[in-house]
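To start, the structure itself, in structure tokens.
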Amino acid sequence: MARYTGPVTRIARKFGEPIFGPDKAFERRKYAPGQHGNNRRRKKESVYGTQLKEKQKAKYTYGVLEKQFANLFHKAARSRGITGEVLLQFLESRLDNVVFRLGIAPTRRAARQLVTHKHIVVNGNVLNIPSHLVKAGDIVGVREKSKSLEIVTNSLRSTNRGQYAWLEWEQENLEGKFTNIPERSEIPENIKEQLIVELYSK
């Protein structure tokens, strides 16, 4: 399965925020590399450049490649509702993202790996497709023989429960319910989706 496997801190510095999650290297130096990285003058960004940067940020944040992202956008454009908001709702509904939001994995990258290695079940069935869109009412959990995995137990121990209103967690069975599609105001990601819509509308 194709995915971005390059350096994450370098990408985070490009956008000026830790879009891949907590990053000690980013916190130590949030600016570009080099002796003059912190003082380097940057050219004024064009409108197109600003729009493209926002799309790239969304892609890297959710771990989606270009073709997948474009397909999701066109699907959102055909759906009822505000295109930019629907796009983010689709991204939030991806199975790898739901696994991450539930706290089963510490990052979206780790969540994607758990899904592809068949450690995750949806409504009792093993599903190894990270891009699968979870529907309201679906139950996402850890496969029985995978419940003792160190990455899962460590992640669940350090996760702050109840921070996402559209998810319900049941600790006893290590599974969570995707109760509803989140509203835009509930999605915490710092993404200006209108710029993405404008970019694809050119």
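The values are calculated or read from the model by the stated rules, or taken from the named source; none is laboratory data. What you see is a predicted model; the values in this text were computed from it and never measured. All Cβ positions, glycine included, derive from the backbone under ideal geometry; neighbour counts span all protein chains shown.
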Q) Is it true that some residue in the stretch 131-142 is assigned to a strand (DSSP E or B), closer than 20 Å to Gln68 by Cα and either aliphatic (A, V, I, L, M) or not assigned by TED's automatic domain parsing to the domain that holds Thr179 (or both)? A) yes
Q) So, of the residues in the stretch 163-176 that are within 18 Å of the chain's Cα centre (by Cα) and either in a helix (DSSP H, G or I) or not hydroxyl-bearing (Ser, Thr, Tyr) (or both), which turns out to be surrounded by the fewest Cβ atoms within 10 Å (Cβ to Cβ)? A) Gln163
Q) Does Ile120 count as outside the structural domain of Leu72 (by TED's automatic domain parsing), aliphatic (A, V, I, L, M) and surrounded by fewer than 22 Cβ atoms within 10 Å (Cβ to Cβ)? A) no
Q: Please go through the stretch 60-117 and pick out each residue that is closer than 22 Å to Leu195 by Cβ, β-branched (Val, Ile, Thr) and surrounded by 23 or more Cβ atoms within 10 Å (Cβ to Cβ).
A: Val64
Q. Could you count how many residues in the stretch 112-160 are touching a residue at least 12 places away in the same chain (Cβ under 8 Å), of a type in the set (Gly, Ala, Ser) and over 23 Å from Gln89 (Cβ atoms)?
A. 4
Q: Could you identify the single residue in Ile104, Ile82 that is at pLDDT 95 or above and under 30 Å from Glu172 (Cβ atoms)?
A: Ile104
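Would you mind stating whether Asn190 is touching a residue at least 60 places away in the same chain (Cβ under 8 Å) and not in a helix (DSSP H, G or I)?
yes
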Q. Which residues, taken from the stretch 143-172, are aliphatic (A, V, I, L, M) and in contact with a His (Cβ under 8 Å, 6 or more places away or on another chain)?
A. Leu149, Val152
Q) Within the stretch 165-183, can one find any residue that is among the β-branched types (Val, Ile, Thr) and closer than 23 Å to Lys59 by Cβ? A) yes
(Q) Take the conditions of a type in the set (Lys, Arg) and at pLDDT below 95 and apply them to Arg109. Does it pass? (A) yes
Q: For Ser155, work out the one condition from (1) assigned to a helix (DSSP H, G or I); (2) within 30 Å of Ser46 (Cβ to Cβ) it doesn't fulfil.
A: (2)
Q | Which numbered condition Asn190 fails, given (1) modelled with pLDDT of 95 or more; (2) in contact with an Asp or Glu (Cβ under 8 Å, 6 or more places away or on another chain) | A | (1)
